[in-house]
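Asks: Sharing a structure below in structure tokens format, with a few things to ask.
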Amino acid sequence: IEAIKLGSSYMKGFLTEIERIRNHFFKYLSDIDGINVYLPEGSLYFFIIIKNSRIDSKKLAKQLIDQYQVITIPGKIFDVDFPSLRVSFGNLRFSEAIIGIDRLATGLTHLLR
């Protein structure tokens, strides 16, 4: 009810920050060997495709949580039959996103070697 009362002008204030976060995520993720990632156009998450078909995305997601404090969702949950992860960015402020992006990039770089 409060969101309806505030109207669309409330959300418009966040669009610039969300776009900045999305672009920053994409820049970092695009530089990581071992994955493919595409710039989302209408969603607030990235779907990361793991190039190594032997990787278990559920185990990878668990390692990212345990070792790098980054939460991802394995693609298997979305009935995807290839190694992949989904990462949301829509609920972060830029200052928080920078920390998460760094942890995610570091984790993927180390774990996919």
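Asks: Suppose all protein chains stay in the model; what accessible area per residue would a 1.4 Å probe give for the chain, in Å²?
Replies: 66
Asks: Give the aspartates and glutamates reachable from LYS27 as a straight Cα distance under 18 Å; neighbours fewer than 8 places away on the same chain don't count.
Replies: LYS27 reaches GLU17, GLU19, GLU41, GLU96, ASP102.
Asks: Give the Rg (one decimal place) followed by the Dmax (whole number) of the chain, computed from C-alpha coordinates and expressed in Å.
Replies: In Å, with Rg to one decimal and Dmax whole: 15.1, 50.
Asks: Something else now. Whenever you get a sec, compute what percent of the accessible area on the chain sits on carbon and sulfur atoms (1.4 Å probe).
Replies: Of the solvent-accessible surface of the chain, carbon and sulfur hold 54 percent.
Asks: Another question, then. What is the sum of charges, Lys and Arg at +1 and Asp and Glu at -1, for the other residues whose Cβ falls under 14 Å from the Cβ of GLU19?
Replies: +3
Asks: Now, a different point. Given only helices, namely DSSP H runs of n ≥ 4 each adding -39500 (n - 2.57), what is the per-residue ellipticity at 222 nm of the chain, to the nearest 500 deg cm²/dmol?
Replies: The helix contribution divided over the chain gives -16500 deg cm²/dmol.
The values are calculated or read from the model by the stated rules, or taken from the named source; none is laboratory data. Nothing here was measured: the structure is a model prediction, and the numbers come from that model. For neighbour counting, all protein chains shown are included, and Cβ atoms are generated from backbone atoms with ideal geometry for every residue, glycine included. We work out accessible area using only protein heavy atoms, side chains counted, and drop any ligands, DNA or RNA first. Shrake-Rupley method; radii C 1.70, N 1.55, O 1.52, S 1.80 Å.
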